[in-house]
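The values are calculated or read from the model by the stated rules, or taken from the named source; none is laboratory data. Since the structure is predicted, the reported quantities are computational estimates derived from the model, not experimental observations. So basically every Cβ, Gly included, is an ideal-geometry build from the backbone, and we count neighbours across all protein chains shown. The protein model used for the area step is the full one, side chains on, heavy atoms only, and it has no ligands, DNA or RNA in it. Shrake-Rupley method; radii C 1.70, N 1.55, O 1.52, S 1.80 Å.
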Amino acid sequence: MRTIGLLATLTASLLMVPPPAGAATLAQEEATASFRGSGIEVLSSRPDQVTGGDALVRVAGTTTKVLLNGKDVTASFTPDPGGRSMTGLVTGLELGDNRLEARPYRLKLRNYPISGPIFSGPQQYPFLCKTERSGLGPPAVDNQDHQGMRVTGGWSRDCGAPTVTDRLYRTTSGQFKPMPADRPADMSQTTLLDGRTVDFVVTRERGVINRFLYSIASLEGAWNGRAIFRFDGGVAIGHDQGTLGGSALDPYGLGKGYAILHSSGTRTSTHYNLILGGETALMVKERFVETYGKPLYTVGLGGSGGAIQQYIYGQNYGTRVIDAAIPQYSYPDMVTQTIHVGDCELLEHYMDLHPEKWAQWDTRTALIGMNASDTVPNPYTGKPGSDECVKGWRGLTPLTMNPKWTDDNDPEWALMDPPGVKDTVQWTHWDDVRNVYGVGPDGYARSTWDNVGVQYGLKSLQNGTITPAEFLDVNAKVGSWKEARDMVQEGCPFVCPGDFDPWSARNATTGRRTGDPVAIRNAERSGLVFRGDIDIPIIDWRHYLEDELDMHNSHQSFASRQRMLNRDGDASNQVIWFTKPDRRFDQTPEALQVIDEWMANIRKYPYKGVKNNKPPLAVDRCFNADGTQLAAGRDVWNGILDRKAPGACTQAFPLYGTTRTVAGGPIEGGVYKCRLQPLSRAIAHGVYGSWRPSETERAQLEQIFPTGVCDY
């Protein structure tokens with residue numbers, strides 16, 4: 001049975017929600033029809049990653065006796081369509097190894113607690129529970145003191161709570177309300193994928209899995225056999241259970257008959273440890289399959305951090321979490337964004353101190369690579385003039401790097417006992433993911449950030465946008481970041497009253513910083529970095545937001561594509577869609593329809609694989625603001641990742657770069673620490689374009705770059 005916190009005394013019958021009416025769908029019929037005596041198969045998870053004490057299992061034959069640790073559990077199984085196998089929910093697994101037998105077959109199952117972890121490593125404490133505010137009651141009390149964590153009502157390590165099932169309906173005004181006994185007058189109706197019109201009544205299950213809140217919802221009696229896993233974005237440093245987002249009740253997906261899976265642990269506004277997030281996603285998917293059965297497919301959907309999760313989980317877990325992806329406003333991953341984002345405030349501080357060159361904002365692209373504008377309002381000065389580093393990324397440098405500062409000001413921290421336990425946390429991204437990066441001899445999490453050999457503004461020097469003197473000056477003065485142990489509390493606008501320091505200049509230092517090689521190695525091996533190893537259908541869609549100086553810069557879709565090409569020379573399973581920047585038009589419904597056709601083709605012709613089952617509209621495309629198609633086809637994005645003449649979409653949606661691409665790095669990014677070349681070699685190979693450094697200038701370069709310059 002599934003145990004949550006200390007609720008192990010609840011029976012499986014109390015915890016299990018009956019499958020929705022009509023859940024014996026085409027998905028199950030197709031799966032069982034292809035089952036030809038493969039023995040024992042766990043449908044809900046990998047056999048060595050079962051959680052919560054139960055697993056949905058299929059065995060060959062319909063008369064076979066099934067034993068769990070020697071106990072007969074055959075009564076849990078029912079014959080599948082086709083008569084070749086039977087499926088059942090096996091409950092009562094012990095923690096650790098279990099033996100499942102359906103002679104002549106035998107399978108070992110390894111069972112973990114529903115509170116986790118499976119593979120993410122030691123859990124984070126202190127950890128702020130939010131079950132009560134989420135309608136699940138106070139967290140279960142376990143009367144154990146773990147690093148001084150206390151909440152109202154007793155001691156709680158894992159924020160457990162009982163599973164709750166409720167019924168909701170969607171009103172004609174677009175709200176979800178509790179379903180009364182009688183049909184309400186303001187009940188809305190919805191049209192399913194198959195054209196039927198039904199009342200908009202939702203069955204929802206909520207609870208706690210892997211210490212995070214989860215939700216599984218579907219239209220009552222009208223599940224279409226498909227699922228959407230809704231991933232949310234944002235930026236946070238963990239130590240918090242989080243809350244469920246509005247996407248847990250996605251009205252479009254529910255209204256078409258999809259089941260909606262969601263977790264506070266798959267919202268990057270809760271944490272950015274995507275090893276923990278992936279583990280949580282696997283466990284929520286397991287719960288869903290145990291309750292509903294295997295779906296026809298599960299498609300990921302979400303923007304920003306929700307898009308990153310789709311690329312990372314699709315790479316790390318194949319089709320175990322999602323079978324297809326619709327990443328929106330995407331990046332390839334989060335961790336390699338820290339490389340260039342860490343440059344932003346260093347360069348902004350330099351440029352603000354040298355207004356003779358950089359007072360005109362649109363010139364700043366020469367150093368930051370991102371867009372800049374003399375007319376977009378600056379949120380920190382109230383005057384016209386800003387750039388993407390300021391408008392899009394400001395505040396993320398201290399949030400990522402400074403252990404003394406956090407933007408988590410939740411008043412419930414005051415309920416923790418002893419008081420001030422929050423102040424014991426090192427509030428950095430590095431520490432949030434210390435299980436991956438590791439901890440240094442000084443007790444602080446290791447950091448990957450490095451700018452040794454980086455030649456800021458190199459391409460602008462090559463094309464004449466900046467002079468050799470300006471190039472030398474910025475690289476001599478840009479500096480780097482202090483070690484975490486040496487950082488101090490932030491100033492205004494982050495901690496006020498105090499000196500105005502939006503650049504976090506008090507935590508900068510002279511010279512360049514060497515990234516921790518252990519942290520870099522661990523990050524690259526962990527699965528946090530998107531390496532391009534993904535083979536599921538992907539529709540990468542975004543509104544074009546460059547003119548708004550939005551942080552979701554458009555070249556990132558192509559950074560992902562280039563990483564896929566670098567991996568195996570093939571990115572044909574990814575299509576890229578851009579829509580002009582009227583955010584009122586949403587291309588998501590069309591993307592879901594194209595994915596549905598794509599997945600139907602894969603089911604019908606599995607031998608063709610992903611790329612050869614693409615429907616006609618699964619191609620690179622771009623759209624006008626009203627959603628009408630501007631251009632489509634294989635050549636519309638020409639000129640971005642090749643040297644061909646710019647395609648129609650390339651011309652309509654100009655791209656920008658980053659601090660590292662303008663320093664000579666590749667469009668795909670991801671270079672934590674560049675390979676260095678001697679300065680003499682760089683000069684001999686014409687790295688500086690038409691500039692031939694004088695003896696004095698060469699001495700300056702050697703002083704700035706004593707160990708050499710980046711050779712990308």
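Would you confirm whether any residue within the range 292-310 is at pLDDT 95 or above, more than 15 Å from the chain's Cα centre (by Cα) and in a helix (DSSP H, G or I)?
Yes: one or more hits.
Answer yes or no as to whether ILE536 is assigned to a strand (DSSP E or B) and either modelled with pLDDT of 95 or more or surrounded by 22 or more Cβ atoms within 10 Å (Cβ to Cβ) (or both).
no
Any residue in the range 360-367 that is within 20 Å of TRP481 (Cβ to Cβ), open to solvent by less than 10 Å² (accessible area, probe 1.4 Å), out of contact with any strand residue (DSSP E or B) (no Cβ under 6 Å at 6 or more places or on another chain) and not hydroxyl-bearing (Ser, Thr, Tyr)?
The answer is yes, given that some residue of the range 360-367 is within 20 Å of TRP481 (Cβ to Cβ), open to solvent by less than 10 Å² (accessible area, probe 1.4 Å), out of contact with any strand residue (DSSP E or B) (no Cβ under 6 Å at 6 or more places or on another chain) and not hydroxyl-bearing (Ser, Thr, Tyr).
With respect to the numbered conditions (1) in contact with a Phe, Trp or Tyr (Cβ under 8 Å, 6 or more places away or on another chain); (2) open to solvent by 70 Å² or more (accessible area, probe 1.4 Å), which one is the sole condition not fulfilled by CYS622?
Among (1) in contact with a Phe, Trp or Tyr (Cβ under 8 Å, 6 or more places away or on another chain); (2) open to solvent by 70 Å² or more (accessible area, probe 1.4 Å), CYS622 violates only (2).
Among the residues of the range 323-353, write down those that are within 30 Å of ILE602 (Cα to Cα), open to solvent by less than 10 Å² (accessible area, probe 1.4 Å) and more than 13 Å from the chain's Cα centre (by Cα).
ALA324
Could you check how many residues of the range 178-232 are under 25 Å from GLY135 (Cα atoms), touching a Ser or Thr at 6+ places or on another chain (Cβ under 6 Å) and open to solvent by 50 Å² or more (accessible area, probe 1.4 Å)?
Number satisfying all stated conditions: 1.
Is it the case, given these coordinates, that ARG320 is open to solvent by 10 Å² or more (accessible area, probe 1.4 Å), under 14 Å from the mean Cα position of the chain (by Cα) and charged (D, E, K, R)?
So ARG320 fails the test.
Being outside any loop (DSSP other than H, G, I, E, B) and buried (at least 18 other Cβ atoms within 10 Å of the Cβ): is that true of SER269 here?
For SER269, the condition - outside any loop (DSSP other than H, G, I, E, B) and buried (at least 18 other Cβ atoms within 10 Å of the Cβ) - is not met.
Going through SER373, SER447 one at a time, which residue ends up being in a strand (DSSP E or B) and surrounded by 14 or more Cβ atoms within 10 Å (Cβ to Cβ)?
Within the list SER373, SER447, the selection yields SER373.
State all residues of the range 509-533 that are within 19 Å of the chain's Cα centre (by Cα), part of a helix (DSSP H, G or I) and in contact (Cβ under 8 Å) with a residue 24 or more places away in the chain; if no residue qualifies, say none.
ASN522, ALA523, GLU524, SER526
What are the pairs, 6+ residues apart or on separate chains, where a residue within the range 404-423 that is at negative phi and outside any loop (DSSP other than H, G, I, E, B) has its Cβ under 8 Å from a residue that is surrounded by 14 or more Cβ atoms within 10 Å (Cβ to Cβ) and of a type in the set (Gly, Ala, Ser)?
VAL421/GLY148
What number of residues within the range 551-574 satisfy the criterion of being within 18 Å of the chain's Cα centre (by Cα), open to solvent by 10 Å² or more (accessible area, probe 1.4 Å) and not aliphatic (A, V, I, L, M)?
3
Within the range 354-371, identify whether any single residue is basic (Lys, Arg), free of Cβ contacts under 8 Å to residues at least 24 places away in the same chain and more than 26 Å from TYR672 (Cβ to Cβ), and answer yes or no.
No, because not a single residue in the range 354-371 is basic (Lys, Arg), free of Cβ contacts under 8 Å to residues at least 24 places away in the same chain and more than 26 Å from TYR672 (Cβ to Cβ).
Looking at (1) touching a Ser or Thr at 6+ places or on another chain (Cβ under 8 Å); (2) surrounded by fewer than 17 Cβ atoms within 10 Å (Cβ to Cβ), which is the only condition GLN703 fails?
(1)
Taking the residues in the range 496-508 that are part of a loop (DSSP other than H, G, I, E, B) and in contact with a Lys or Arg (Cβ under 9 Å, 6 or more places away or on another chain) as candidates, determine which candidate is farthest from SER447 (Cα to Cα).
That would be ASP499.
State yes or no: is GLU695 acidic (Asp, Glu) and open to solvent by 50 Å² or more (accessible area, probe 1.4 Å)?
yes
Working only within the range 594-612, note down all residues that are within 17 Å of ILE539 (Cα to Cα) and part of a loop (DSSP other than H, G, I, E, B).
Taking the range 594-612 and keeping what is within 17 Å of ILE539 (Cα to Cα), we get 594-602, 609-612.
GLY609, VAL610, listed by residue number.
How about the range 307-317: which of its residues are of a type outside the set (A, V, I, L, M, F, W, C), out of contact with any helix residue (DSSP H, G or I) (no Cβ under 8 Å at 6 or more places or on another chain) and surrounded by 24 or more Cβ atoms within 10 Å (Cβ to Cβ)?
Those that are of a type outside the set (A, V, I, L, M, F, W, C), out of contact with any helix residue (DSSP H, G or I) (no Cβ under 8 Å at 6 or more places or on another chain) and surrounded by 24 or more Cβ atoms within 10 Å (Cβ to Cβ): GLN310, GLY314.
Quick one: how many residues across the range 285-306 are aromatic (Phe, Trp, Tyr) and open to solvent by 10 Å² or more (accessible area, probe 1.4 Å)?
Result for the range 285-306: 1.
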